[in-house]
Amino acid sequence: MKPRVYIETSIPSYLTARRSRDLIATANQELTQEWWETRKNDFYLVISEFVLREASAGDPIAASNRLEAISGIPELNITDEVGLLARILIEQVPIPQKAQLDAFHIAVAAVHGVDYLLTWNCTHINNAVLRPIIEALCRSQGYEPPIICTPQELL
């Protein structure tokens, strides 16, 4: 059985965005495209309604491109357990009000036992300071946290 990877919204965003003038952003875009082209088939990809909601926002053409990139990827259910774990993450990590969906991405992946959470969000998800807290909170609630990583780490 292939390892499962939760595709957080930053992945289709980097995958489909116009080339950035920022060198780091451009490198991340290229790494995302390389992973998508060469490694995505080594994994069973999953998303959630939160990814669909975020990918649908903004410029209609960009949103259409993001949604097309993730079309056909199975969607995990949002359960009461997801909501409870997300609330714990929001309150105890803590995750700020403006970034609450980040807690829900983590919670969906943890509750459903996903192996990896793939993201470029290094502020509230793939953050070296927050990650041990996130992992401990998931485990305290009976869930094994996903390995939070970037496409570069799964190449």
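Just so it is clear, none of the values below were taken in a lab; they were calculated from the coordinates. This one's a predicted model, so the numbers in the text were calculated from it and none came from an experiment. Positions of Cβ are generated from backbone atoms using ideal geometry, with glycine treated the same way; all protein chains shown enter the neighbour counts.
Under 5 Å between amide hydrogens, built in the peptide plane, is the criterion, and for SER48 it picks out LEU76 among residues at least 5 positions away or on other chains. Placing unit charges on the Cβ atoms of the charged side chains and taking the dipole of the chain about its Cα centre, the candidate lying farthest along the positive direction among SER140, HIS112, ALA27 is ALA27.
What's the center-to-center distance, using Cα atoms, between segment 94-109 and segment 7-59 in Å? Between the Cα centre of segment 94-109 and that of segment 7-59, the gap is 18 Å. Other residues lying with their Cβ under 13 Å from the Cβ of LEU155 contribute a combined charge of -3, Lys and Arg counting +1, Asp and Glu -1. Given R0 = 35 Å, the distance between the Cβ atoms of GLN152 and ILE78 translates into a calculated FRET efficiency of 0.75.
Sequence-distant contacts, meaning Cα pairs under 8 Å at least 6 residues apart, place the relative contact order of the chain at 28 percent. Between ALA110, ALA63, ALA128, the GNM of the chain built on Cα springs shorter than 10 angstrom shows ALA128 fluctuating the most. Couplings 3J(HN,Hα) for segment 137-151, derived from phi with the Karplus relation 6.51 cos²θ - 1.76 cosθ + 1.60 (θ = phi - 60°), are 5, 4, 5, 5, 9, x, 10, 7, x, x, 6, 8, 7, 9, x Hz, where x marks Gly and Pro.
Give the calculated FRET efficiency between LEU67 and ILE88 to the nearest 0.05, with a Förster radius of 22 Å applied to their Cβ-Cβ distance. In this case the efficiency is close to 0.15. Within the listed set LEU15, LEU52, LEU23, the Gaussian network model of the chain (springs between alpha-carbon atoms below 10 Å) gives the highest mean-square fluctuation for LEU23. As an equivalent ellipsoid, segment 60-102 spans semi-axes of 27, 16, 6 angstrom, where each value is the square root of five times an eigenvalue of the C-alpha gyration tensor, largest first.
The distance between label points at ALA128 and GLN141 comes to 2.7 nm (points 7 Å beyond Cα on the Cα→Cβ vector).
Dividing the summed -39500 (n - 2.57) terms of all DSSP H runs of n ≥ 4 by the residue count of the chain sets its mean residue ellipticity at 222 nm at -15000 deg cm²/dmol. For segment 85-155, what does the alpha-carbon gyration tensor say about shape, rounded, prolate or oblate, given a ≥ b ≥ c as the root eigenvalues, a/c under 1.5 as rounded, and a/b over b/c as prolate? Taking the square roots of the gyration eigenvalues as a ≥ b ≥ c, segment 85-155 is oblate.
Over every Cα atom in the chain, the radius of gyration and the widest Cα-Cα span, Dmax, amount to 14.8, 43 Å. Taking amide H as placed 1.01 Å from N in the peptide plane, GLU8 has its amide H under 5 Å from the amide H of LEU118, each at least 5 places away in sequence or on another chain.
Rounded to the nearest 20 debye, the dipole size of segment 4-154 about its Cα centre is 280 debye, using +1 on the Cβ of Lys and Arg and -1 on the Cβ of Asp and Glu.
Each of HIS105, HIS124, HIS112 was scored by other Cβ atoms within 10 Å of its Cβ. Arranged with the fewest first, they read HIS112, HIS124, HIS105.
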